[in-house]
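Read-outs: derived from the displayed coordinates by stated rules, not from any lab. Remember, predicted model here, so these are calculated numbers, not experimental data. Positions of Cβ are generated from backbone atoms using ideal geometry, with glycine treated the same way; all protein chains shown enter the neighbour counts.
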Amino acid sequence: MKHNVFVKSMSFMAAAVMAVTLAGCGDDSSSSSAQSKQLVRISSNQIESHPDVRALKVFEQEVEKKLGDKFDIQIYPNATLGANEKVLELIKQGSVQFLVLSTANIETFDPLYSLFSIPYVFTSEEIYEKYISDPETIKKLNVNEAKNGFSTMVAFTAGTRNFYSIDPIRSVEDMKGKKIRVQASPTNVAMLEALGAAATPMAYGDVYSALQQHVIDGAENAESTLTDMKHGEVCKYFSYDMHQMSPDMLVGSYKFLQTLTPEERKVFDEAAEAARVEEFKLWHEHTKIAIDKAKKELGVEFITVNVDEFREKVLPLHQVIMEKNPVIKPMYEEIVKLQQGN
Ligand code: GCU
């Protein structure tokens with residue numbers, strides 16, 4: 001593990017050096033167009049074929065189609081600029097301009113985003129997708145943008161999160177004592193405790209080796225993580241408890257966005273919306289392919305569990321979270337209303 005952490009921090013440093021070098025190149029370049037273009041870096045922790053990264057290519061094309069003489073968009077997948085939690089700091093400083101990250105990673109910066117970590121706040125994927133696509137939702141999430149140092153442009157869907165593990169989880173009883181990796185968010189830790197398991201928060205890129213070394217017994221995510229991140233090589237059981245639907249946000253550096261003219265900002269906003277439409281289109285197809293591959297090539301068993309058993313254990317958390325973060329109450333109530341009858 002120590003070696004792994006060392007390699008990781010080395011690669012982060014290498015990426016930082018690369019970024020500085022790239023910025024430097026612009027100044028020394030003999031080409032006048034390179035000189036006048038501003039480098040716009042976008043970071044993602046997903047692989048190149050992931051819907052988020054493929055959608056970012058649409059963002060790049062749309063911006064460069066209209067403002068290609070001014071901006072050079074560069075996408076950095078695979079967390080080459082660092083883990084999301086670290087890159088969010090660079091976003092605030094303005095040295096990285098855009099980042100795609102889960103709402104769970106934003107929770108400690110702005111409690112409003114913990115709305116999406118509340119287990120079973122959404123039970124219908126259709127309603128969830130409609131809610132996160134609504135520009136009004138994004139506006140509400142951006143109330144603290146100046147203070148936060150970042151603005152959410154759009155939300156990408158990341159499906160429904162479920163537990164997957166080395167030993168099977170067939171009922172809530174099987175959660176007992178298991179060490180499960182979660183994203184670093186207080187709500188996730190509380191959720192695992194309520195289920196009788198032990199939460200192990202860590203960065204996305206560290207999960208594979210932690211599973212391989214049996215430092216953890218499992219993790220939780222959407223199906224495509226089994227194949228994208230190869231977690232299905234170690235975890236042969238995927239249990240459909242459907243505890244969360246937490247989106248990936250395309251956030252922009254507030255500092256950077258402030259430098260844009262209203263016309264330029266409009267181009268970036270429209271490009272983000274085009275990327276969102278593309279991501280939603282790609283997501284379901286990507287998931288279907290992942291399930292098929294996980295079953296056939298990795299031998300993963302997909303388990304149907306009694307969802308109510310899991311839900312009952314964590315429902316008292318809703319009240320606790322609401323009391324701790326009353327700011328989320330209006331949006332929480334809005335979702336409950338939308339879901340009535342579902
Ligand atoms: C999903 C999500 C990522 C997140 C990851 C995680 O894959 O799309 O944004 O980082 O889960 O569990 O860390």
Pairwise centroid distance, computed over Cα atoms, of the stretch 149-187 with the stretch 35-59, Å:
25
Averaged over all directions, how much area does the convex hull of the C-alpha atoms of the stretch 111-263 cover when projected, in nm²?
10.0
What is the distance in Å between the Cα centroid of the stretch 263-342 and that of the stretch 118-139?
7
Could you go through the stretch 79-95 in sequence order and give the Karplus-derived ³J(HN,Hα) for each residue, using 6.51 cos²θ - 1.76 cosθ + 1.60 with θ = phi - 60°, rounded to whole Hz, and x for Gly and Pro?
6, 5, 8, x, 5, 3, 4, 6, 5, 4, 5, 5, 5, 4, 6, x, 7
Output the pairs from LYS179/LYS295; LYS176/LYS293; LYS147/LYS255; LYS176/LYS288; LYS140/LYS337; LYS147/LYS281 with a Cα-Cα distance over 22 Å in this structure; if there are none, say none.
LYS179/LYS295; LYS176/LYS293; LYS176/LYS288; LYS147/LYS281
Between SER185, SER43, SER253, which gets the highest mean-square fluctuation from a Gaussian network model of the chain, Cα cutoff 10 Å?
SER185
In degrees rounded to 10, the 0-90 angle between helix 2-28 Cα long axis and the longest Cα principal axis of the chain is 20
Here Rg/Rh (Cα, Kirkwood) for the chain equals 0.97
Taking Cα atoms, the helix 262-296 axis meets the longest principal axis of the chain at an angle in degrees (rounded to 10) of 40
About its Cα centre, what dipole magnitude does the stretch 47-128 give when the only charges are +1 on Lys and Arg Cβ and -1 on Asp and Glu Cβ, stated in debye to the nearest 20?
180
With charges set only on the Cβ (+1 for Lys and Arg, -1 for Asp and Glu), what does the dipole of the stretch 164-213 come to about its Cα centre, in debye to the nearest 20?
20
Under 13 Å from the Cβ of ARG181, count the other residues' Cβ atoms, weight Lys and Arg +1, Asp and Glu -1, and hand me the total.
0
Taking the convex hull of the Cα atoms, report for the stretch 263-342 its projected area averaged over all directions, in nm².
9.6
Highest-fluctuation residue, GLN183, GLN244, GLN213 considered, GNM on the chain with Cα pairs under 10 Å:
GLN213
